[in-house]
1. Determine, for Ile68, Ile60, the number of other Cβ atoms within 10 Å of each Cβ, and report the residues in order from fewest to most.
2. Could you name the aspartates and glutamates in cross-link range of Lys88, using Cα to Cα under 20 Å and dropping any fewer than eight places away on the same chain?
3. Which of the three applies to region 37-106, rounded, prolate or oblate, going by the alpha-carbon gyration tensor with a ≥ b ≥ c and a/c under 1.5 meaning rounded?
4. Quote to one decimal, in nm, the extra length available between Glu37 and Thr58 on full extension: 0.36 nm per residue of separation minus the C-alpha distance between them.
5. Can you pull the one-decimal nm distance between simple spin-label points at Glu85 and Ile110, each 7 Å off the Cα toward Cβ?
Amino acid sequence: MRNKKSKAGALIVSFLFIIAMIWVLIPNRIQSEPGMEVEVFSLDSGGYGYKINSDGHTLIYQPFIPAIAGKKAFVSSQDAKNIGELVKQRMQTGGNVDVTKEDLKSYGIIGN
């Protein structure tokens, strides 16, 4: 019985260690990406989205306007570019990358 408890304890400790390492290492990797770039793309259904790429890898793929209900594409490529650049800047500074309705309002993408 004691052997099962110690195995279970070791498994839990190992799992927690792995989770802690992921929590520490992944945000630091994203923040240190020097060559991040925003790429705007058009959707077959109309409108635009954006991707944030680094070293040939897509870090973020955003085909729809975040923070609003439904799947609505950006109306203009400039709107998609502006929000993509905002998210990229937040990633590089370690800020919260969530886009809010206030962000969208400040760029004139949605009304008050």
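Nothing in this text is a laboratory measurement; each read-out follows from the coordinates by a stated rule. Everything numeric here is computed off the predicted structure, so don't read it as measured data. Note: ideal-geometry Cβ built from the backbone for every residue, glycine included; neighbour counts use all protein chains shown.
1. Ile68, Ile60
2. Glu33, Glu37, Glu39, Asp55, Asp79, Asp98, Glu102, Asp103
3. Values: a/c = 1.91, a/b = 1.15, b/c = 1.66.
Verdict is oblate for region 37-106.
4. 6.6 nm
5. Using points 7 Å along Cα→Cβ, the separation is 2.2 nm.
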